[in-house]
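Notes to accompany the following structure.
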Amino acid sequence: MRDVCGDFGAELREFNGEADHVHLLVHYPPKVALARLVGSLKGVSARRLRQEFPAHTNRYLWGEHFWSPSYFAASVGGAPLAVVKEYIENQKRPS
């Protein structure tokens, strides 16, 4: 995830999640199209997870896809970064 963000000139500041979803705190420049960044994060991570853990990941597919086609993004420009990071840190780790 960190490498993909770097390719877009973005910075992955926090990463955590739960059994069925992940939370990422990403600082990205305004010139980056969020949909392209998310699409790349999903695509690259799905390929790498399928390569490293093929038997395990096949149990969690959405049809033929590892990730759901949807995502949720929110701006936290006014929130203290420490509060957002703490929220993400307190999520369960993906199984």
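In the range 25-49, what count of residues is obtained for those that are closer than 19 Å to GLY78 by Cβ and of a type outside the set (Phe, Trp, Tyr)? Walk me through how you get there before you give the answer.
Pass one, the range 25-49, residues closer than 19 Å to GLY78 by Cβ: 25-30, 34.
This time we only want the ones that are of a type outside the set (Phe, Trp, Tyr), so: 25-27, 29-30, 34.
Counting residues in the range 25-49 that are closer than 19 Å to GLY78 by Cβ and of a type outside the set (Phe, Trp, Tyr) gives 6.
Can you tell me which residue within the range 28-59, out of those that are surrounded by 10 or more Cβ atoms within 10 Å (Cβ to Cβ) and among the charged types (D, E, K, R), is farthest from ALA10 (Cα to Cα)?
ARG50
Determine which single condition ALA19 fails, assuming it passes every other condition in (1) over 21 Å from VAL84 (Cβ atoms); (2) exposed (fewer than 12 other Cβ atoms within 10 Å of the Cβ); (3) without any contact (Cβ under 8 Å) to a residue 40 or more places away in the chain.
(3)
Of the numbered conditions (1) surrounded by 14 or more Cβ atoms within 10 Å (Cβ to Cβ); (2) free of Cβ contacts under 8 Å to residues at least 60 places away in the same chain, GLN91 fails exactly one; give the number of that condition.
Among (1) surrounded by 14 or more Cβ atoms within 10 Å (Cβ to Cβ); (2) free of Cβ contacts under 8 Å to residues at least 60 places away in the same chain, the lone unmet condition for GLN91 is (2).
Every number in this text was worked out from the coordinates using simple rules, so none of it is lab data. Quick caveat: nothing in here was measured; it's all calculated off a predicted structure. Counting neighbours? That spans all protein chains shown, and the Cβs are built from the backbone with ideal geometry, glycine included.
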